[in-house]
Amino acid sequence: MITRVEALNYRCLKYICRTVNGLNVLVGPNASGKTTFIDVIAFLGDLVRDGFAYAVKSRTLNWNDLLWMRKGDGFQLAVEVKIPEEIQAKLGDAKYQFLVEGSGAGKRYRKGAEGRGLGRQNTLGFDI
């Protein structure tokens, strides 16, 4: 179960960190970030299921559309989840981090992921 959603410099969200639980209602005026808040979870789901290039290209053809105020080099997204105890006992201390940074002319990006307790570490480079 997702217990926290956090985003930094993602689309219209400069920074948000919200605890979530069983039932949550998003209320606010048009263009205040309600859909973007939900898209944080959807983006991470697309990332895990279909890969980074798909997660980006399914939302925009222009990388800057994903950046707060269409400026900067990247964004950070995170979700915190409650893992059932029987699964947690098998995984140990599990953690996943996602960071997107730009370099050069703003068209090359890097995704860094770290897994503790899962024995995985990787960095992927790609063009968008």
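The values are calculated or read from the model by the stated rules, or taken from the named source; none is laboratory data. Source: prediction; values computed, not measured. Reconstructed Cβ throughout: ideal geometry from the backbone, glycine too, with neighbour counts over all protein chains shown. Ligands, DNA and RNA are excluded from the accessible area calculation, which covers all protein heavy atoms including side chains. Shrake-Rupley method; radii C 1.70, N 1.55, O 1.52, S 1.80 Å.
Structure values in brief
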read-out: Conditions (1) surrounded by 14 or more Cβ atoms within 10 Å (Cβ to Cβ); (2) hydrophobic (A, V, I, L, M, F, W, C); (3) at positive phi; number of the one not met by M69; value: (1)
read-out: Lone qualifier among V79, V40 - being β-branched (V, I, T), at pLDDT 85 or above and part of a helix (DSSP H, G or I); value: V40
read-out: Selection from the stretch 6-32 of residues that are hydrophobic (A, V, I, L, M, F, W, C), over 21 Å from K82 (Cβ atoms) and either buried (at least 18 other Cβ atoms within 10 Å of the Cβ) or at pLDDT below 90 (or both); value: L13
read-out: Hits in the stretch 33-55 (condition: in contact (Cβ under 8 Å) with a residue 12 or more places away in the chain, open to solvent by less than 60 Å² (accessible area, probe 1.4 Å) and at negative phi); value: T36, F37, D39, V40, F43, L44, D46, L47, F52, A53, A55
